[in-house]
Amino acid sequence: MLYRNLTILARTLWRQRSFTLINTLGLSIGIGASLLIFLLIRYELSIDSFHSNRDRIYRVVCADTYRNGTIDDDGCAPVPLADALGREFPQVEKVAPVMRIGQQQFGIPSGGDKDKQVLAHDVYYADGAFFDLFDFPWVEGDAHTALQEPFTAAVSQSIAASWFGDWHSAIGKSIRMDNTTTPYRITGVLQDPPSNTDLALRVVLSYATYRAANPDEWVDPKRWDNFSSASQCFFLLNKGQHIQSMEAGLPRFVGTHFTPLAAHSDSRDSCFFQPLSQMHFNDDFYRYGGRGWTYSEIYAMGLIGVFLLLVACINFINLATAQSFSRCREVGVRKVLGSSRGRLLTGFMGETAALVFLALIVGCCLAQLALPQLRMILEKPVVLDLSTPAALVFLMATGMAVTFLSGFYPGVILSRFNPIDAFKNKINTSRVGGISLRRGLIVLQFAIAQLLIIGTLVVVRQMDFFRNRPMGFDRQAIALVGLPGGPHKEQTDALFKTKVSQLTGVRAVSLCSDAPSTSGIAESNFIFENRSQPESFELLYRFADTSYFSVFHLRLAAGRSPYPSDTSKEALLTETAVAQLGFRSPAGILGKHIQLGWMQGKPITIVGVLKDFNNTPLREQLKPMAIFSSSDSYWQLAVKLQPDKIKITMSQIQTIYHQLYPDHFFNAPFFDDKIVEFYNAEAIEGKLFKTFAALAVFISGLGLYGLVSFMAVQKTKEVGIRKLLGASVSSIIYLFSREFILLIGLAFLIAAPVGYYLMQNWLSGYYYHQPIGWLVFALAILLSLIVALLVVGAKALKAAMENPAKSLKTE
């Protein structure tokens, strides 16, 4: 019985092979794309979800509220907070402070006169409490005791293998961090951290080392006002306790430690408890990992996956109901032979299930083929493992949903035919029903496609805006050479600058702390003139010598550049800072003084005002900024190069660098590349939108091709008669195309306002953005019409070119 049913099914699908191919291809693409989106969402949701205590782990985050009401969120905690939290909250089981150093150079003893120099990217200070909270297994050593003493360290397996040849031999070895005199002793080896974590610890130095080197940070009350993104504090809530009981004690905690500082500060500090589950998805607070997707972005991507499946299902429904006219006699025969309506419906649902099963297999193969490209776009190790319960549930749920959505309504249409009408050829497209539904589904299908096109165009335009908008400084052909610390740093840096400036391929050189625009933030409160209170906003600041302004082509609005100096005596402010201080004219502030919070008793004279430039990524508003000199705070050499001599000049700079800094790595990224990195997340969104919009248009076009193919068969005689009566080829094409053009226009009337609303909300997250404009909508409708006319026109042209005599003989 089963074999006979399968044979009949195979014959039916083969007879309708064009229908089978179009539906299988459309469903396969829709399923494959939705599977990739599912894998991406699942990966994002898995970030740090593997910790057994994840429901009890919280992070302390702080915020500054300024006198003017502005709130500045910080994903960090003052260093002394961890100890106070453990003392004053009995609900806390463990407190784990952690300090991120980031990239750091180490010397590894190699048996010669000099250590082998290596570079590590994920370096932290932490202690055993951190590993009580988080499940990062140790393969050797005891996590509870290995990091108790100063100058002890643990490294990951891969780091240990690369440094010592075999991770088994790492225990007991010594390493020296940068220019420190005391070596660190390796006391533990960690399992390599998984990719789905924001806390990728590869080199862990004992937190006791940091305590010993910075004892004032735990006893000086002013340290509570010192927020560094490197310092974070996690804690483990006791079992049976509720975080609400701790939150009730926060006002007292804040009042004890933060409030006394507010009398002499421009802001009032406060702190909050953030669950670990929210850390990756909250952009308000800084975190160690890279930018994650927000929940709204995850929902949006999930909705796109549903849309793609829906577009594929619409194809199936439209083609199946259109094809039902050609199957009316088959239904009539089956009913005469005793088939009930329920049995017919079951049979047609079985056909649909077979097609969906085939589409699932092909879709999985397509997803596997596309996965390497997706990893390249996302820069994330997303994998397709169909053996996992989540993947199996997704495929089963998708298969059942698609089978029901695609097969139920066409099955109902086919199973209700009257056999007498079928044999008398009294069933036509109007009696079959579903014409209005098909039209509605075509409208919905193209509305979804146009919605994705609108989204893609807006994202692409915004990215072009980021790349091409004048930012108020030069960013082309500027290398930022990293400078190490060490003895005689100032003299060595000055010599390096002199030697580099003498190269023929170099136009200008400047020692500085950072470029004009960077993701790293250095801010400080400040006092203007002799006012009793700090201002109600903070100043972003850079340290730079007088060549800085010529390297980056920063322009003066008033005053002059500071005179050369090793210390901070003169400063330049930006126009935004001057305006916020209440001056209508930039010249009015010249000769006034500012005093940064950490430079007490050292007023700095304002000698110039810079025209505004974008000192933060364009998603944020311009920040008030000051630039002044400080030779012990220069960590980069900015080099403006001649574009035609970049390669040879960079080689010469590297040679000079190794002569002056023989024990350090040469690191010299280009400034324009760093600017592009600011918008990496938006670039990824743009690529995903392009891909999924193209798939939606392709699937919609595939469905149109199938519908027009059935139309051409049904109108064969009509086309022949029209040609005999003198109809032109263009009029025949118009006959086929006019209804679809109207339906696409109606779809545009739905997609345009929805797309405008959604993308306007997306753009509102960027302080500087392009207006959407009418061109986006014109391109969306134009692209849809071009696709429809190409697909419909090609089939209509073929029908119009048929010999009318042959058409009139068609039964």
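Structure notes:
- Measure of compaction for segment 160-219 (Cα Rg per 2.2 N^0.38 Å): 1.34
- For segment 475-608, the spread of Cα positions along the three principal axes, ordered from largest to smallest, is 48, 32, 28 Å.
- Residue 616 long-range amide H proximity, modeled H, under 5 Å: 623
- Under a 5 Å amide H cut-off, with hydrogens placed 1.01 Å from N, residue 522 pairs with 541 among residues at least 5 apart or on other chains.
- Within the full protein context, the accessible area of residue 689 is estimated at about 40 Å² for a probe radius of 1.4 Å.
- Working from label points 7 Å from Cα in the Cα-to-Cβ sense, the residue 303 to residue 742 distance is 3.1 nm.
- Note, ³J(HN,Hα) from phi for segment 89-98, Karplus 6.51, -1.76, 1.60, rounded to Hz, x at Gly and Pro: 10, x, 6, 8, 8, 9, 10, 10, x, 8
- FRET efficiency, residue 365 to residue 498 (Cβ-Cβ, R0 60 Å, nearest 0.05): 0.45
- Three semi-axes describe the equivalent ellipsoid of segment 520-585; taken as square roots of 5 times the Cα gyration tensor eigenvalues and ordered largest first, they are 22, 15, 13 Å.
- Placing unit charges on each Cβ (+1 for Lys and Arg, -1 for Asp and Glu) gives segment 472-598 a dipole about its Cα centre, and among 522, 573, 473 the Cα reaching farthest toward its positive end belongs to 473.
- Extension gain for residue 731 to residue 195 (0.36 nm times residue separation, less C-alpha to C-alpha distance): 187.0 nm.
- Full extension of the chain between residue 642 and residue 400 gives 80.9 nm of extra length, using 0.36 nm per residue less the Cα-Cα distance.
- At R0 = 30 Å, FRET efficiency that the Cβ-Cβ distance of residue 774 and residue 673 yields, to 0.05: 0.30
- Cut-off under 5 Å, modelled amide H: who pairs with residue 101 long-range: 123, 124, 125
- Members of 116/489; 380/497; 623/690 lying beyond 27 Å, as alpha-carbon distances in this model show: 380/497; 623/690
- The rule of thumb for compact globular proteins, 2.2 N^0.38 Å, goes into the C-alpha radius of gyration of segment 114-221 1.06 times.
The values are calculated or read from the model by the stated rules, or taken from the named source; none is laboratory data. Note that the coordinates shown come from a computational prediction; the quantities given were computed from them, not determined experimentally. Note that each Cβ is placed from the backbone with ideal geometry, even for glycine, and that neighbours are counted across all protein chains shown. In case anyone asks, the SASA skips ligands and DNA or RNA and just uses the protein heavy atoms, side chains included. Shrake-Rupley method; radii C 1.70, N 1.55, O 1.52, S 1.80 Å.
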